[in-house]
Amino acid sequence: MEDNQPEITPMVDERSWAERNGFPSWLLGTVWVIVAFVIFQVVGTLVAVLLLLGEGSGFDLDNIAELAFEMLLGNSLGQIIGLGLATMVVALLSVKARNYKVFMRFTMPKYNTGLVFVFAILLVIVAQPFFWFLAHLNMQLPLPELVSGMDDMQIELLEGLLAAGLPILFMLFAIAVVPGVCEEILFRSYLLRLFEKSTGVILAIIITGIIFGLFHLRFSQIIPLSVIGMLLAWVTIQSGSVFPAMLMHFIHNGGTVIAIYLYPELITMEPEASLPPFWLVIGSIVATIFLLYRYPVATINKEGVHYVQEET
Amino acid sequence: MQEDNFQQFEEEPPSFVQPAMTYGAAFAIAASLVFYGTLVAAMSGAEPGILPFIIACLGCLGIIFLPGVFSVKSFLKQTANKLQVGKGAVIGVVSGAAFGVMYGFMDLVWLLFGVETSTLVMEYTLALTETFGGDTGQVDEMRDVMEEQARTGGSIMLGVLFNILIYGILNMLSGMLAVSIWADKTSDEF
């Protein structure tokens, strides 16, 4: 008699903590990006201040070059802790642990792996003149005085940091590697996934791109930054992996660092002088569209929304 | 039985938007009146003391968390005390955003009465500093900056966006707290 009794499988709630408690994904994403930004700024400022106090240096904000090392180190630690590590922990609220890697797209592209990365590298390179053009267009837009004042301060700060003459490897680490990894974890691993669940793929790409642009607090560059964010999001979804976007982000930022290192006069170049030739912009747009159209298929699931692995 | 099913099918789920926005707007008006009203009353006297500022801050601080709480409490009546924490967070965000927008709008209302809220706090701080014999140079500089910002429309828009962000998050937390306190623990429906 007992052998004929059906095996009773205990009921297990497969939903994440956020789903069990009714938190919409868009709310989690929006609140987390604000909290992550605050953590990043607090940690970064605290580390920079402690380093400067430890060295007995002053806080002469008129001479950014002398504070560059401490500021960049603080910025890097802020990004690693606030954007990278904290996001990886918080993401556990939105997904069961066994689906974590797939949810965060911490997996290599399943098909055409090499080709995916080659296309990613080509994309970020050929799109550069188009981004420069967008930056030039953005700078023509009128901004409120308060906003343009904030922007000028940001630009001055960046110019000071880039002109500080720090070792190139450190600059690449602080400006290319750390943001390339940590910002991608926040925006393309976690935020993109959350908005996909709430709004679908297309809107998720647009919204996370705009949030990426706003996050940098550079309103004179918000259009190119948002477009870059959308491009990185699109590549992430097409690849089923966040690693191509990390590589693209590294190349984009690292390219700027290397260019400034080789040609320091670029820092003080007038905006009008940085406008690329018309033919280069058109060529860039055409090449970018072509690469997007021909991007190799690499995902497990064509919709890109169902994150649980179909093969175990 | 069929009629009960049909009736259940016909009933629309309760909406939280109206109570959230109503409470958000109402408490914003109250907070603005308490904070700026106290400062205006203090400035009309001979020498403004620190006490009115403390009262204004405490009063406002007590009010800014209430929209989320009251909105959730009101919605719980419609759902027979069944509500998830996440839903309470959404209700709180909506009521906080309504609070932020109305609080910004109240600045325009005060302007109709000749009160520039953007400079009122600075004027009060300056008056306090003069009363206690402090250095007014830095405060004067800050007032010049704020007056310059007040002349540009961008600062009003930024102020409203900032309000929506801050009060949205604060009331998200108070909404979640309200659900934790008053909603049934086993709820899984709304």
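State which helices in chain A qualify, where a helix is a whole DSSP H run, it must extend 30 Å or more along its own axis by its Cα atoms, and its mean Kyte-Doolittle hydropathy must be at least 0.0. Working shown, then result.
Values: long enough: A:25-55 (44 Å, 2.14).
Span-like helices here: A:25-55.
For the range A:174-187, in order, what is each residue's ³J(HN,Hα) by Karplus, 6.51 cos²θ - 1.76 cosθ + 1.60 with θ = phi - 60°, in whole Hz (x at glycine and Pro)?
6, 9, 10, 5, 4, x, x, 8, 6, 5, 5, 4, 5, 7
Averaged over peptide B:76-88, how many Cβ atoms belonging to another chain are found within 10 Å of each residue's Cβ? Before the final figure, lay out the partial values.
Values: counts 0, 0, 0, 0, 0, 0, 0, 1, 5, 5, 11, 4, 3.
Taking the mean over all residues of the peptide, I get 2.
Pick from A:228, A:175, A:260: which is most flexible by mean-square fluctuation in a GNM of chain A where alpha carbon atoms under 10 Å apart are linked?
Looking only at A:228, A:175, A:260, the largest GNM fluctuation is found for A:260.
Kirkwood hydrodynamic radius, chain A, all distinct C-alpha pairs: what's the number in Å? All intermediate terms of the calculation are to be shown ahead of the outcome.
Values: mean 1/r = 0.0473 Å⁻¹.
Answer for chain A: a Kirkwood hydrodynamic radius of 21.1 Å.
I'd like the mean, over residues of A:15-23, of how many other protein chain beta carbons sit within 10 Å of each residue's own Cβ. Walk me through the intermediate numbers first.
On the way: counts 0, 0, 1, 2, 2, 4, 9, 13, 8.
Per residue, the average neighbour count from other chains is 4.
Name the long-range amide H neighbours of residue A:218: under 5 Å, sequence gap of 5 or more, or other chain; modelled H, no Pro or chain starts.
Result for residue A:218 returns nothing.
Multiplying the sequence separation of residue A:141 and residue A:100 by 0.36 nm and subtracting their Cα-Cα distance, what value in nm do you get? Spell out each step's value before the answer.
Numbers: separation 41, 0.36 × 41 = 14.76 nm, distance 4.20 nm.
Using 0.36 nm per residue and subtracting the Cα-Cα distance, I get 10.6 nm.
Report the Cα centroid-to-centroid distance between the range A:125-162 and the range B:62-137 in angstrom, as an integer.
34
Quick one: net charge around residue B:36, please, counting Lys, Arg +1 and Asp, Glu -1 for every other residue with C-beta under 12 Å from its C-beta.
On the way: positive: none; negative: B:107, B:116, B:123.
Here the charged neighbours net out to -3.
Values quoted throughout were computed directly from the atomic coordinates according to the rules given, and no laboratory measurement underlies them. No experiment lies behind these values; they were computed from the predicted model shown. For neighbour counting, all protein chains shown are included, and Cβ atoms are generated from backbone atoms with ideal geometry for every residue, glycine included.
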